[in-house]
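The values are calculated or read from the model by the stated rules, or taken from the named source; none is laboratory data. These numbers were taken from a predicted model, which means no experiment stands behind them. Neighbour counts run over all protein chains shown; Cβ positions are idealised from the backbone, glycine included. We work out accessible area using only protein heavy atoms, side chains counted, and drop any ligands, DNA or RNA first. Shrake-Rupley method; radii C 1.70, N 1.55, O 1.52, S 1.80 Å.
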Amino acid sequence: MRIGYGYDSHRFEQGKRLVLGGVTIPDSPGLKAHSDGDVLIHAVIDALLGAAALGDIGSHFPDSDEEWRGADSALLLASVVRELFANGWKVGNIDATVICEKPRLRQYVDEIRDNLAEILKTDISCISVKGKTNEKMDDIGAGVGIEAHAVAMLMELPS
Ligand code: MG
């Protein structure tokens, strides 16, 4: 059994679609990024890679690489899951927190959990996603962007 932690943050960018956990969130600006800016999936990827000590999202999908421009982060996560399987690991559970003043995420949380569970080849009961505000403190509280934190537990696949 292994545990990992991941963190990510992105600024809002007008004219882009907001995607969190692979789910499009309506009526919000998107996030500035080389990829689709899915800050939640990026934190989950770093938690998973960290648990397996397999590097980080930047070493797997460099933002200097044109291949990943506008990339669908769900596909990056699926590729990480395949790499974990190849290294003898499956996802035990994920607990993630997304922090922003707007939009409020509660009504989207179950759809995000369901989508992540499918990509991670696990059950929705193993995926927790929590939305919080920063109580108007600091840049996140001022609405500059979104940050996400995730912890992941990996279990050894039976050999
Ligand atoms: Mg990122």
task = Kindly list, by first and then second residue, each pair from a residue in region 1-14 that is open to solvent by 60 Å² or more (accessible area, probe 1.4 Å) to a residue that is among the charged types (D, E, K, R), limited to pairs with Cβ atoms under 8 Å and residues at least 6 apart or on different chains.
result = MET1/GLU156; TYR5/ASP46; TYR7/ASP46; TYR7/GLU147; ARG11/LYS32; GLU13/LYS32
message = Residue under question is GLY37, and the condition is that it be surrounded by fewer than 16 Cβ atoms within 10 Å (Cβ to Cβ) and on the phi > 0 side of the Ramachandran plot; does it hold?
response = no
key: Only one of ASP56, ASP65 that is away from the ligand (no atom under 13 Å from the Cβ) and open to solvent by 40 Å² or more (accessible area, probe 1.4 Å)   = ASP65
inquiry  = Scan region 54-75 and tell me whether some residue there is within 12 Å of the chain's Cα centre (by Cα), in a strand (DSSP E or B) and modelled with pLDDT of 95 or more.
reply    = no
task = Output the residues belonging to region 15-30 that are touching a strand residue (DSSP E or B) at 6+ places or on another chain (Cβ under 8 Å), surrounded by 16 or more Cβ atoms within 10 Å (Cβ to Cβ) and assigned to a strand (DSSP E or B).
result = LEU18, VAL19, LEU20, ILE25, GLY30
ask   = Any idea which of (1) under 17 Å from the mean Cα position of the chain (by Cα); (2) open to solvent by 30 Å² or more (accessible area, probe 1.4 Å); (3) under 19 Å from GLY4 (Cα atoms) is the one ASP110 doesn't satisfy?
value = (3)
task = State whether the residues of region 31-41 include one that is modelled with pLDDT of 95 or more, more than 12 Å from the ligand (Cβ to nearest atom) and not in a loop (DSSP other than H, G, I, E, B).
result = no
note = By residue number, the members of region 15-31 that are in contact (Cβ under 8 Å) with a residue 40 or more places away in the chain and polar (S, T, N, Q) are SER28
